[in-house]
Amino acid sequence: MDQAILFVLFLAAMLAAWFGPRLLAGTLFAVALALTVADYFHHATGALKLSF
Amino acid sequence: MTARTAILLNALALYALAVVLLMGFVLQVLWRELPCPLCLLQRVAFVALAVGPILNIRFGPRPSHYAMSLLAALAGFGISLRQVMLHILPGDPGYGTAVLDLHYYSWAAIIFAVAIALIALVLLFERQFETMIAAQRPPAFAVAAVWLMIVITAANAAATLLECGFDVCPDNPVRYEMLQGRQ
């Protein structure tokens, strides 16, 4: 569900980029990217069994 | 590099992204391999990578549009690298079927790294920013690329909703939640 929302947000950013003003496209893109990073941290909580 | 050449390159980038996303669909539909949450996030990052080129085609090339693509590629690189690290230990079979000896997330990490390098390379050619061609109509080749990406993004949204339903996607999805009972 969360990734479906992200796809829809980026779809809206694309449509805004093609039909609407640049500011709207940029704003939608920024919101969607921030939510993508947040969703990544939600799904990447487990510790990696690695040592460097 | 003129603005017109840059727009053609941006259209080519959209076609390349379309191929990458369609490959994900091939693995998902033909090979019946459902993408995990991190796999879906990598597809989201590929979609995010397409917004900058669409802006370049519509308004003409600008550094800020390339910056948006750089941010998307960095996010995608981080996400795919995380999944590579999850499966890097010897004996780990990885997630999904390997294509040409590499899994989708490994290919994704390589493609995002190449995208970062290519965007930096294209930014070196400053002549593309000197002429404003936003008022001119983009070539049909570029318009088709934009619409192809829009359709593929909508298809990804629908497929993800089918797979995960209205809940958070499981780490190892085995069925389409929205089609449960019909499969």
Problem - Of the DSSP H helices in chain B, those whose Cα atoms cover at least 27 Å axially and whose Kyte score averages -0.5 or more - result: B:3-29, B:63-86, B:104-123, B:140-164
Handout entry: Cβ-based net charge around B:Leu161, under 13 Å, with every Lys or Arg adding one and every Asp or Glu removing one
Key = -4
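Calculated from DSSP H runs of 4 or more alone, at -39500 (n - 2.57) each and per residue, what is the 222 nm mean residue ellipticity of chain B, nearest 500?
-22000 deg cm²/dmol
Give the relative contact order (percent, whole number) for chain A; include only Cα pairs under 8 Å separated by 6+ residues.
So the answer I get is 31 percent.
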Fill in the blank from the handout: Sorted by chain and then number, the residues having a modelled amide H within less than 5 Å of the amide H of B:Leu102, at least 5 places away or on another chain, are none
Exercise for the section: Working with all protein chains in place, sort B:His65, B:His87 by solvent-accessible area computed with a 1.4 Å probe, largest first. Expected result: B:His87, B:His65
Practice task
Return the carbon/sulfur percentage of the accessible area of the stretch B:3-179, one whole number, probe 1.4 Å, all protein chains in place.
Solution key: 71 percent
Completion exercise
Of the accessible area of the stretch A:2-43, computed with a 1.4 Å probe and all protein chains kept, carbon and sulfur make up a percent value of 84 percent
Practice task
State, in square angstrom and to the nearest 100, the accessible area buried between chains B and A, both chains counted, probe radius 1.4 Å.
Solution key: 3400 Å²
Problem - Pairwise centroid distance, computed over Cα atoms, of the stretch B:68-88 with the stretch B:94-133, Å - result: 12 Å
Handout entry: Mean separation of Cα contacts under 8 Å (6+ apart) over length of chain B, as relative contact order %
Key = 33 percent
Exercise for the section: Keeping all protein chains in place, calculate the accessible area per residue for the stretch B:3-179 (probe 1.4 angstrom), answer in Å². Expected result: 46 Å²
Practice task
Pick out which of B:Phe112, B:Phe141, B:Phe25 has the largest mean-square fluctuation in a Gaussian network model of chain B, springs linking Cα atoms closer than 10 Å.
Solution key: B:Phe141
Handout entry: Debye log10 I(q)/I(0) for the stretch B:3-179, one point scatterer per Cα, at q = 0.13, 0.14, 0.17, 0.18 Å⁻¹
Key = -0.68, -0.77, -1.04, -1.12
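In the P(r) worked out for the stretch A:2-43, what percent of Cα pairs fall beyond 11 Å?
58 percent
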Handout entry: Residue-averaged 222 nm ellipticity for chain A, from DSSP H runs of 4+ at -39500 (n - 2.57), nearest 500
Key = -26500 deg cm²/dmol
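The values are calculated or read from the model by the stated rules, or taken from the named source; none is laboratory data. All of these numbers come straight from a predicted model, not from anything done at the bench. No Cβ is skipped: glycine too gets one built from the backbone with ideal geometry, and neighbour counts run over all protein chains shown. All accessible areas refer to the heavy atoms of the entire protein, side chains included, with ligands and DNA or RNA removed. Shrake-Rupley method; radii C 1.70, N 1.55, O 1.52, S 1.80 Å.
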